[in-house]
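Read through the structure below, which is laid out as structure tokens, and then see the notes.
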Amino acid sequence: YLRPLPPPRHKHLWINADILKGPPLISSGYPQFAARDFLDKSAELPNTTLSLGWTTGLADVHSPYVASMVDEMMTLVDDLQCEITFPVRATSFNSESWLHLRKLFDRSRRWTLTLWWSQELPKEQLDFIYNTLESDERYKNRTYYDIVGLREFLCERMK
């Protein structure tokens, strides 16, 4: 995975990896490398944002993120001083997941979420995402979005 890199020619680098098993726990697959090794090598890189996620499976795309997943991630990254974003599958972002994922926001201002999904989501799901992450000042502007149809949803909402 991370090989020695030449001296940095970048102003800021993002490195993405699924480092822990995620939802659904029974079929999401295992990370392809050791999380601690990846984090140790990544920490050596200057001006880097780590995008650290959980593996996901397609057996149940609505399966939530649970406390054990979030707690394990926080234990792994708590001592890191870099910016971190946690990719979260948008179809799994629901009230049950939020109960646990919000701990990431509460732990550090350097931590953000990146919600992703490659198909359009129902309006109700987009409403929940927006109302949860952009209406509360504690969480507003701390999420990156890579969701098909979100731009159109926001434009419609602003009318």
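Would you tally the residues in the range 124-149 being more than 13 Å from the chain's Cα centre (by Cα) and either at pLDDT below 95 or assigned to a loop (DSSP other than H, G, I, E, B) (or both)?
Here the count works out to 10.
Any chance the range 83-94 includes a residue that's among the hydroxyl-bearing types (Ser, Thr, Tyr), in contact with a strand residue (DSSP E or B) (Cβ under 8 Å, 6 or more places away or on another chain) and under 18 Å from ALA17 (Cβ atoms)?
For the range 83-94, residues among the hydroxyl-bearing types (Ser, Thr, Tyr), in contact with a strand residue (DSSP E or B) (Cβ under 8 Å, 6 or more places away or on another chain) and under 18 Å from ALA17 (Cβ atoms): present.
Would it be correct to say that GLU120 is open to solvent by 20 Å² or more (accessible area, probe 1.4 Å) and touching a residue at least 24 places away in the same chain (Cβ under 8 Å)?
For GLU120, the condition - open to solvent by 20 Å² or more (accessible area, probe 1.4 Å) and touching a residue at least 24 places away in the same chain (Cβ under 8 Å) - is met.
Kindly establish whether LEU76 is among the aliphatic types (A, V, I, L, M), in contact (Cβ under 8 Å) with a residue 24 or more places away in the chain and not in a strand (DSSP E or B).
Yes: the conditions hold for LEU76.
What single numbered condition from (1) of a type in the set (A, V, I, L, M, F, W, C); (2) modelled with pLDDT of 90 or more; (3) surrounded by fewer than 20 Cβ atoms within 10 Å (Cβ to Cβ); (4) farther than 19 Å from THR143 by Cα fails to hold for LEU99?
Condition not satisfied by LEU99: (4).
Restricting attention to the range 87-95, does a residue exist that is farther than 24 Å from ILE129 by Cβ and of a type in the set (A, V, I, L, M)?
no
For residues that are touching a Lys or Arg at 6+ places or on another chain (Cβ under 7 Å) and surrounded by 18 or more Cβ atoms within 10 Å (Cβ to Cβ), scanning just the range 24-54, find the one that is farthest from THR114 (Cα to Cα).
Restricting to residues being touching a Lys or Arg at 6+ places or on another chain (Cβ under 7 Å) and surrounded by 18 or more Cβ atoms within 10 Å (Cβ to Cβ), the top hit is SER28.
List the residue pairs whose Cβ atoms are under 8 Å apart, where the first residue sits in the range 125-154 and is at positive phi, the second is assigned to a loop (DSSP other than H, G, I, E, B) and open to solvent by less than 70 Å² (accessible area, probe 1.4 Å), and the two are 6 or more positions apart or on different chains.
Partner pairs satisfying both residue conditions: ASN141/GLU134; GLY149/LEU121.
Considering each residue of the range 1-39, count those that are modelled with pLDDT of 85 or more and within 30 Å of SER63 (Cα to Cα), and give that number.
The number of residues fulfilling the criteria is 19.
TYR139 - would you say it is farther than 22 Å from GLN32 by Cβ and open to solvent by 30 Å² or more (accessible area, probe 1.4 Å)?
Numbers: farther than 22 Å from GLN32 by Cβ: yes; open to solvent by 30 Å² or more (accessible area, probe 1.4 Å): no.
So TYR139 does not fit the description; no.
The values are calculated or read from the model by the stated rules, or taken from the named source; none is laboratory data. Remember, it's a predicted structure, so these values are computed and weren't measured experimentally. Virtual Cβ from ideal backbone geometry, glycine too; neighbours counted across all protein chains shown. We work out accessible area using only protein heavy atoms, side chains counted, and drop any ligands, DNA or RNA first. Shrake-Rupley method; radii C 1.70, N 1.55, O 1.52, S 1.80 Å.
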